[in-house]
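Below is one structure, written out as structure tokens; the observations come after it.
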Amino acid sequence: MNAASTSGRDPTADPSSLYFVDAAHPYAAAAATALTSHRAKSKWSHLSSVPVPSPLPSSAAAAVLLLLRRRPHTALRFHDFALRRLLPSHSPPPLVLSASAAHVAAASRLRGAALAVLASASRHYSPAQIFNALAATYRRFASAPFVFDLLLLAYLRSRRDALAAASVARRILAAGARPLPSTAAALIRSLPSAAAALDMYHQIYTHSSPQINQLLLPTVHTFNSLLLAFHREGKCDEFKIVLQEMSKYSCKHNVCTYSIRMAEYCDRRDADKAQGLWDEMIREGIQPDVTAYNTMIGGYCRAGEVGMAEEMFKNMEMGGIDPSATTFEWLIRGHCMAGDADAAMLVRADMRRRGFGLASDVVEELLDALCQNVRVHDGLGVLREEMRREEYVPTRRSYEVLIKGFCDEVEVEVAIRLQAEMAGKGYNAGSEVYHAFIRAYEKSQDYEMVEKLRKEMAAMAT
């Protein structure tokens, strides 16, 4: 990438520039000499003996990195030393110093170090400021083009700021280059809408120069990111746009592509078409992964074909694919939807043996199925076991289902204790809980409590 300033002047050699790198500063030469002329164990003590002007210009600190750029680890350690010991504390890192450190790391393929520097800078400076600093200092440090990709990734990873990352991408494109395919795919995945994702795809791959390095063409991961964006918004009819683009670049499906397309049909409860894609995937020699299996298992469960889901689960284990928590949750849901609480509990027992816990919404469905099968005590046991997991938080609905179940069995004392526990969790009793207690007291012919609860309900409604 030709990212240097096009004005003809080198801003790093201009003392009036924000990006001035003063290689002639006495401290820069002395510090670089101290760090290159002594043994590893003594060079940092020698550096401490070098007189430091007060204040130390950031242009001089950046110049030390320039002089040490062929010793990148030493240069980056000096960068940290300067921030901690030489420059004003509680102040943003000087932009020219951050750009210099990023270039040193990028030129030596020290990806993690470059990302860390850029992520720190992104907390204090705008994307335009950082991009301009990198562009202005690019030639002086003989940097690598992917430093601009790393800036884009720094915004995606550190700040989760997709719009800032998109602005960096546009600046890269304006400089006549493209982001790396993996970076472009990550950017497309992060954008807030499918329309924004498709627009960014076209900016990167359709509207830019056709004369481009083959290594910068879109990959299957690029197209999977687009498919996923449309799938998240339920706009699966737009898949054809992405598939046409894949065909244009002769890009073949991978297992993720098939999983997203199968999910489209599973969402529509069209398990047959999803199975057709599965069969095509197998014919193409693509091995399904856990996500592909979970997609099909979930599709069969939602379509009411839990037997086929169980068969898919058996094939999954025979194929050496370890199930995930999602696998078991779909099977439990499928059996609950079929009204087979016994089968759902057997799946849960298998799940627990493998160290998995249930998500809150799946617990709700299982409790509902157990209560419908007059197994409310088993349901309470499930809730208590799940509550032993630190990460599990019982929901209002879980309590409501159990309270209703115990009231239906006229076990009012247990229901009262659950209602008190529910209130302790911050969940107020709603009309469903009141109606459950009213029915229970009617069965036990306690009409005084019936009347009291009805008055409470009336007061709540006013």
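Key figures
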item	result
Sparse-neighbourhood loop sites, trypsin sites (Lys or Arg not before Pro) in the range 382-462 - DSSP loop, at most 16 other Cβ within 10 angstrom	Arg388, Arg389, Lys425
Descending Cα extents along the principal axes, the range 71-142, whole Å	30, 29, 21
Using alpha-carbon coordinates, inclination of helix 255-267 to the longest axis of the chain, degrees	40 degrees
Calculated on alpha-carbon atoms, Rg and Dmax of the range 120-167 in Å	10.5, 31
Acute angle (nearest 10 degrees) that the helix 325-337 long axis makes with the longest principal axis of the chain, alpha-carbon atoms	30 degrees
Reciprocal of mean inverse Cα separation for the range 143-234 (Kirkwood radius, Å)	13.1 Å
Distance histogram for the chain (every C-alpha pair counted, 20 angstrom bins, percent rounded to whole numbers)	20, 33, 30, 16, 2
Loop chymotrypsin sites (Phe, Trp or Tyr not before Pro), the range 395-452 (other Cβ atoms within 10 Å of the site Cβ: 13 or fewer; DSSP)	none
Degrees separating the helix 181-190 axis from the principal Cα axis of the chain, which is the longest one	50 degrees
Whole-number Å³ per residue for the convex hull built on Cα positions in the range 1-158	107 Å³
Computed P(r) (all Cα pairs; the range 206-296; 10 Å bins; percent)	16, 48, 27, 9, 1
Filtered GluC sites (Glu not before Pro), the range 175-282: DSSP coil and at most 14 other beta carbons within 10 Å	Glu233
Heavy-atom SASA rank of Arg140, Arg354 (probe 1.4 Å, accessible area, largest first)	Arg354, Arg140
The range 262-390, Cα convex hull volume normalised per residue, Å³	99 Å³
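The values are calculated or read from the model by the stated rules, or taken from the named source; none is laboratory data. Here the structure is a predicted model, which is why all the values come from computation and not from measurement. Don't worry about glycine lacking a Cβ; one is built from the backbone with ideal geometry, like all the others, and counts go over all protein chains shown. Note: accessible area is taken over every heavy atom of the protein model, side chains too, but ligands, DNA and RNA are not part of it. Shrake-Rupley method; radii C 1.70, N 1.55, O 1.52, S 1.80 Å.
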